[in-house]
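*Asks:* What follows is a structure written as structure tokens; I'll ask about it next.
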Amino acid sequence: MFLEAREDVYRYLLSLGLYPPQAQEGAQEVFLRLYATLRKGEKIQNPRAWIFRVAHNLGLKIRARQNTRVPFDANLESQIADSTLNPEQSLLEREQALRFHQAIQRLSDQQRRCLFLRMEGLRYPEIASALGISASAVGEFLRRAIARLRKSEI
């Protein structure tokens, strides 16, 4: 389970606004809690949903202690960009990435969380379990998020 979901949990914790070192520690903590729970003999019906629920709660606690969010840095994006692009293409891609990140930031926290978990491959019931909401609410948050992103012309 660790090998299968570690990167997904890490990316989800980053999407909550954790700094990379805290997200890495948080991901490790999630799997330590899974191990401890299973070692106690407790049964977990849906381990993937359980993992993301624990990651969600832990991520919110860590973020509250962290007290700030990492803003999107367009300059960092440009450093990562493919160096084979000509300057005009590179500028267009950076502008598009910036518009995309700004559009994502304009979503509500719930819309953003549902969207990121769906991108990680979780189904509506798993997202609902991870966030403590109904599956129909997940569908509505995703519908609204997609509608807002389409309006953003990204």
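*Asks:* Full-extension gain between ARG148 and TYR35, please, as 0.36 nm times their residue separation minus the C-alpha to C-alpha distance.
*Replies:* Going from the current span to full extension adds 36.8 nm.
*Asks:* Same structure, new question: May I ask for the angle, rounded to the nearest 10°, between helix 135-151 and the longest principal axis of the chain, with both axes built from Cα atoms and the value confined to 0 to 90°?
*Replies:* 10 degrees
*Asks:* Tell me the mean residue ellipticity at 222 nm calculated for the chain from its helices only (DSSP H runs of n ≥ 4, each -39500 (n - 2.57), averaged over every residue, nearest 500).
*Replies:* So the helix-based figure for the chain works out to -24500 deg cm²/dmol.
*Asks:* Could I ask something else about it? Output the 0 to 90 degree angle, nearest 10, between the alpha-carbon long axis of helix 20-39 and the longest principal axis computed from the alpha carbons of the chain.
*Replies:* 20 degrees
*Asks:* Still on this structure, I have one more. Per residue, how much accessible surface does the chain expose to a 1.4 Å probe? Answer in Å², no decimals.
*Replies:* Here the residues of the chain average 63 Å² of exposed surface.
*Asks:* Of all the accessible heavy-atom surface of region 86-154, with the other protein chains kept in place and a 1.4 Å probe, what percent is carbon and sulfur?
*Replies:* Solvent-exposed carbon and sulfur of region 86-154 make up 52 percent of the total.
*Asks:* To the nearest 20 Debye, how big is the dipole of the chain about its Cα centre, given +1 on the beta carbon of each Lys and Arg and -1 on that of each Asp and Glu?
*Replies:* Details: 24 positive and 17 negative charges, 170 e Å.
Dipole magnitude for the chain comes out near 820 debye.
*Asks:* In degrees, nearest 10, range 0 to 90: what is the angle between the Cα axis of helix 47-66 and the longest Cα principal axis of the chain?
*Replies:* It works out to around 60 degrees.
*Asks:* Starting at 0 and stepping by 5 Å, how many percent of the alpha carbon pairs of the chain end up in each bin?
*Replies:* That works out to 2, 9, 16, 17, 18, 16, 11, 6, 3, 1, 0, 0, in percent per bin.
*Asks:* Moving on. Please name whichever of MET1, HIS56, TYR12 sits farthest to the positive end of the charge dipole of the chain, dipole taken about the Cα centre and charges placed at Cβ: Lys and Arg +1, Asp and Glu -1.
*Replies:* HIS56
The values are calculated or read from the model by the stated rules, or taken from the named source; none is laboratory data. Values in this document were obtained by computation on a predicted structure and should not be read as measured data. Counting neighbours? That spans all protein chains shown, and the Cβs are built from the backbone with ideal geometry, glycine included. We work out accessible area using only protein heavy atoms, side chains counted, and drop any ligands, DNA or RNA first. Shrake-Rupley method; radii C 1.70, N 1.55, O 1.52, S 1.80 Å.
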